Amino acid sequence: MNNSDDKLYAMRHSSAHVMANAVMHLYSDVKFGIGPVIENGFYYDFDLGNKVLSADDLQKIEVEMSKIVKADEPFIKNDMSIDEAINWAKDNDQPYKLELLNDLKLSGTTNIKNISNELLGTENGQKVDRVSFYTNGDFKDLCRGPHIESTGKIGAFKLIKVSGAYWRGNQKNKQLQRVYGVAFRSQKELDDYLDKIEDAKNRDHRKLGQELDLFTFSELVGSGLPLYTPRGTVLIEELKNNLREISKKYDMLPVSIPHLAKRELYEISGHAQKFEEELYKVESHFNQEFILKPVNCPHHIQIYASHTRSYRELPIRYIEQTMQYRDEKPGQLEGLQRTRGFTVDDGHTFCRVDQIEEEASVLIEVIKSFYQSLGLWSDHWVSLSLRDDSTPDKYIGEASDWEIAEHMLAKVADKYDLSAKSIKGEAAIYGPKLDFMFKDSLGRETQLATIQIDFAMPKRFDISYIDDKGQKQTPVIIHRAILGSFERFMMLLIEHFAGRFPLWLAPEHIRIITLNQNQEVIDYSNKIFQLAKDKNLRALIDNDNESVGKKIRSAELMKVPYIIVIGAKEVESGNITPRLRQDLVENIEPTSMPIEVFIDKVSKEYISRDIKSRL
C-alpha cells in the first residue's frame, strides 16, 4: 500500500469502531464480535439478543455515528497482559472477545483460526503475552490498529446492509448480525460508489436471471443446484461451442468421464486429504465408498495411463465440459456465484518438459481468442501465482520441480508481454499458475482463465512415456481452464452486459411482431420465421392480441437485439425497418431493407460473433 492507501485503510478501520460505539449507545446489552476492514469499507458483527436490525435501525446508527465523528474523539492506544485482557472481557460481559483471548492464551501465538491478527491486537506469527486496545470516548476495543488520529478525521460513510453471519464462520455457532458500511475520503467518492452499487443492483444476475427467464432454483432439487431454462441453456451451449471451435484448431481431444470415482483415486491425487470437508461421499449397497468428482484431472490421468505412450505421441491434449461437485456451506450459496454443482471447461495437456513453453503459449492464444469474442480481452491483468515457502504443507510435489515450473511460467509470461505480477501463496496445490484477472463493467476483478504446471500428480500416479532412447520418463501435466465454471462465468456475463448480450449469445435474435391479426400478415411473419430458422437464427413471433406498443415494450424488456414489426405495408413491399437494441449501434437510424438482406446480415453477424451490429 502507498501512504494514501494506508490512511484510507486506517479510516475505514476507525469507522468500524465508531459504528460499534454507536451501536453500544443505542443497544446497551450488545455483545461484540469482530469488525474488520473489507473492500471499500468495513463491517462489524453484533449479538443483539432478540433485537433484529432493520433499515430504520441502520439510519439511527448512522445518526449516532455522525455525533461521534462530530465530537472528534481521539483514538488512544494502550496494552495489557492477556490475563488482564481476559478479566476486562469478563468484567464487560463480552463472551466473544473472551473466547478469542482464551484461544490466544491457549495457543501462545497469533495463529487463531478464522480471525485476523489485527483484530486480536497482535502481530503476525509472534509469541504473544500482551495485546493492544484502542479507546475513543466511552468505547474500548481489542485491536492492533491502525487508526486515524481522531473520529473527526473520518470522511464520508454509509451503512448499506445487515445480514446474518455465524460466529467465526462456523454454522454450529450462534448467528450474529453483520452490519456492512462503506467509507471514502470525500462525499463525491461515496456518491460515485453508491451510484455504482445502484447500477449493480439493476445488473444483479439473480434479478435478471428471473426477468430474462435464464435459470431457476428448486427447493426440491436443493439449494446451490441451478436449473437452466431453454433460454439460459442457449448461453451455455453457445459458450461451449465457441470453446470447442477454438480448441479444435489446436488439435485438442474431447474426452468424457463419469461423475464419480472410488475414494482411492482422490487419495492418490491428494484431493481427499486437502479438501476432505468439500467432498460429497456416496456409499453403495455393497459398502463401497465413492466420491462425486470435485475435479477431473485424476480421471483424465487414467485415460492417459490406459496404455503405453511414446514420446512421439506427446503432447496429448484432453478437454472436457463436465459437472463437478463441492459440498459448500449452505450460508455461502448465492445465486450462480457459488454452487454445489457446476459445469467446468476443463483441459489437461500431457507433455515433455521441453514442450511446456510451447504448450503454455498455445493456451494463451486460446484464452486470448475466447475473450476477444466477448470484448473482455482489453481489460485484464495476469497473476503469476506462486507457492509460499513459509507454508509448505499446503502443497504437494518436490521443491526442485516447483522451481522449474515457476521459472517456465515466468518465461512464457515475458514472451507474451503479460506483465504478470508475482503473488506468493496463490499457487494450486500441485503447481504454480498464470491466473488471468478480468475486470467487468462495474470495475470488479474476477479470476477466470488459468494455466497451471504440474510435475507432482504424474509422479503420484506413476504415469510415464517411453523416450527416444527407450527409457521410461514422467510427463508433465498442464491444467487449463478458459472460463472456469460456466455458472460463475454466466453470472459475470449477465451482470457485465446487464442482460444485453451480444447477438451470438442472445437467447433470442429476432422478435417478429404482427401489427394485426390479418392472415396475410400472419403468413408473412411465419415466412420470415422460417427464413431465420433456416439460417440457424433464434426468432420468435409475437402474435398476441395486444397493442404494438405493448408488444415492442415486451421485446425490449427481454433485451432482444432486433425487433421487426410486420403489417400490410411490409407484406406488400417485402421490406422491413428493424428496430435495433440501443447498445448495438450508436446514432444510427434504422433503414428499410428487403427481409432477405436483413436475415443475411444478422446471420453473418451471428457467425462472426461480432460484439456490435452489422446492419
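The values are calculated or read from the model by the stated rules, or taken from the named source; none is laboratory data. Fair warning: this is a prediction, and the values are worked out from it, not measured in the lab. When we count neighbours, we look across all protein chains shown, and the Cβ atoms used for this are built from the backbone with ideal geometry, even at glycine. Side chains are part of the model used for accessible areas, which takes the heavy atoms of the whole protein and leaves out ligands, DNA and RNA. Shrake-Rupley method; radii C 1.70, N 1.55, O 1.52, S 1.80 Å.
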- Query: Which one of Ala183, Gly152, Ala200 has its Cα pushed farthest toward the positive end of the charge dipole of the stretch 131-279, where Lys and Arg give +1 and Asp and Glu give -1 at the Cβ?
  - Reply: Gly152
- Message: Rounded, prolate or oblate, given the Cα gyration tensor of the stretch 130-182, with a/c below 1.5 counting as rounded?
- Response: oblate
- Would you mind giving the three semi-axes, in whole Å and largest first, of the ellipsoid equivalent to the stretch 550-615 according to its Cα gyration tensor? 19, 16, 11
- Task: Would you calculate the volume per residue, in Å³, of the smallest convex hull containing every Cα atom of the stretch 445-537?
- Result: 188 Å³
- Message: Through the Karplus equation 6.51 cos²θ - 1.76 cosθ + 1.60, θ set to phi - 60°, convert the phi angles of the stretch 162-171 into ³J(HN,Hα) values in whole Hz; use x for Gly and Pro.
- Response: 10, 9, x, 8, 5, 4, 6, x, 10, 5
- Query: Which ³J(HN,Hα) values, rounded to whole Hz and listed in residue order, are derived for the stretch 208-213 from phi using the Karplus coefficients 6.51, -1.76 and 1.60 in 6.51 cos²θ - 1.76 cosθ + 1.60 with θ = phi - 60°, glycine and proline given as x?
  - Reply: 5, x, 6, 5, 8, 6
- Positive-pole candidate from Gly431, Gly470, Val255, dipole of the chain, charges at beta carbon: Val255
- Around Asp534 (Cβ within 12 Å, Cβ-to-Cβ, excluding Asp534; K/R +1, D/E -1) the net charge comes to +1
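Among the complete DSSP H segments of the chain, which ones combine at least 27 Å of alpha-carbon extent along their axis with a mean Kyte-Doolittle hydropathy of -1.0 or more? Working shown, then result.
Values: long enough: 3-26 (35 Å, -0.28).
The qualifying helices are 3-26.
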- All alpha-carbon distances of the stretch 383-428, grouped into 10 Å bins from 0, give the whole-percent distribution 28, 53, 18, 1
- Task: Mind ranking Glu487, Glu198, Glu572 by accessible surface for me, highest first, 1.4 Å probe?
- Result: Glu572, Glu198, Glu487
- To the nearest 20 debye, what is the magnitude of the charge dipole of the chain about its Cα centre, counting +1 on the Cβ of each Lys and Arg and -1 on the Cβ of each Asp and Glu? 540 debye
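Stokes-Einstein at 37 °C, 0.692 mPa s, Kirkwood radius from Cα pairs: D for the stretch 5-49 in µm² s⁻¹? Walk me through the intermediate numbers first.
Working: Rh = 10.9 Å.
Translational diffusion coefficient: 302 µm²/s.
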- Residues with amide H under 5 Å of Arg178's amide H, sequence separation 5 or more or different chain, H placed in the peptide plane at 1.01 Å from N; which? Phe46, Ser163, Gly164, Ala165
- Return the Rg/Rh value of the chain, two decimal places, where both radii are evaluated on C-alpha atoms and Rh is the Kirkwood radius. 1.03
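Could you please report the charge total around Ser373, scoring K, R as +1 and D, E as -1 over all other residues with beta-carbon less than 12 angstrom from its beta-carbon? Before the final figure, lay out the partial values.
On the way: positive: Lys368, Arg609; negative: Glu238, Glu245, Asp610.
Net of charged neighbours comes to -1.
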- Message: Less than 12 Å Cβ to Cβ from Lys201, Lys/Arg counted +1 and Asp/Glu -1: what total charge do the surrounding residues give?
- Response: 0
- Query: Looking at the stretch 415-496, which trypsin sites (Lys or Arg not before Pro) are in a loop (DSSP not H, G, I, E or B) and have at most 15 other Cβ atoms within 10 Å?
  - Reply: Arg444, Lys469
